[in-house]
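Colleague: Could you have a look at this structure, given as structure tokens, before my questions?
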Amino acid sequence: MATRKPTHNPTRSDTILRLAVLAAALTIGLTAVTFWLSYEALHTLAADNGLQGQRAWAWPATIDAFIIIGEVLILRASLLRRVDWLAVFLTASGSIGSIVLNVASAGEVDRMTQVVHAVPPCAALLIFTALMRQIYRALSAPVVAPSTSVDAQPAAPVVERVEEPAPALPPMPAQAPAPQLPAAAAQQPAPIVYRDPRCAAVRPLYDGGTRPGTAAMRDALIVAGHGRVGDSTIRGIIRAEIEQREPTLKSLPATLPLAAGQNP
């Protein structure tokens, strides 16, 4: 008997994947074009102002590299669920400098010519930001295990069953009742899963019945191998998430009386 081969029908996820690949390819191509146009304008500006040869070609990289480095650092901080203000400053400085210098390379011309020179650096910033966003979504997307298609499995043969009278069975002996679990074990809450894994190193400090201070939490993070963490991160991210999950912990008394001007 011939076996029917399963046919593959394009699904919505396949279409989304193809569109994402197409958008990424176009984004990379457009990013290369805009950076090339901006680089060429900056090279002309350097050559007209005393830099020749290899120095004139290398000088534009000192401007456009700020955008690339800043965007990559912003991507890294996003994957770590943080905000890197230094990366934001680098990206903004490189973008503003590139736009201003591209317009300056046009010289004293009409307004439309200056707009033409300003378009490539502006487009480079927007397109490169879109590219970093696509990379972030690809790296942070959850991995889905492939599922086995039911249609691909061969159908089991249908066998006709003949009902037979069931034999008489002796009465079953009385069974002992099933053991009951203690109420505390049955009502035990599920463990809390934190978004920031560093919360697991700080949460045990609350078991003493007091609200730990910044120094104690920093020492616990260092012992757990997370390195030295800033005070604002300890209080604003780690402790905030723990006390958001368990609001009763926020009302605990402090570990030690706080001196004047000392942060908890």
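Colleague: Quick check on segment 61-83. Is at least one of its residues free of Cβ contacts under 8 Å to residues at least 24 places away in the same chain and more than 24 Å from the chain's Cα centre (by Cα)?
Modeller: Checked segment 61-83: at least one residue is free of Cβ contacts under 8 Å to residues at least 24 places away in the same chain and more than 24 Å from the chain's Cα centre (by Cα).
Colleague: Looking at (1) at pLDDT 85 or above; (2) under 24 Å from residue 80 (Cβ atoms), can you tell me which one residue 191 breaks?
Modeller: (1)
Colleague: Further, regarding this structure: Residue check, residue 255 against (1) surrounded by 15 or more Cβ atoms within 10 Å (Cβ to Cβ); (2) touching a helix residue (DSSP H, G or I) at 6+ places or on another chain (Cβ under 9 Å); (3) modelled with pLDDT of 75 or more, all met but one. Which one?
Modeller: So residue 255 meets the others, but not (3).
The values are calculated or read from the model by the stated rules, or taken from the named source; none is laboratory data. This is a predicted model, so every value here is computed, not measured. Cβ sites come from the backbone with ideal geometry, for glycine too, and all protein chains shown count toward neighbours.
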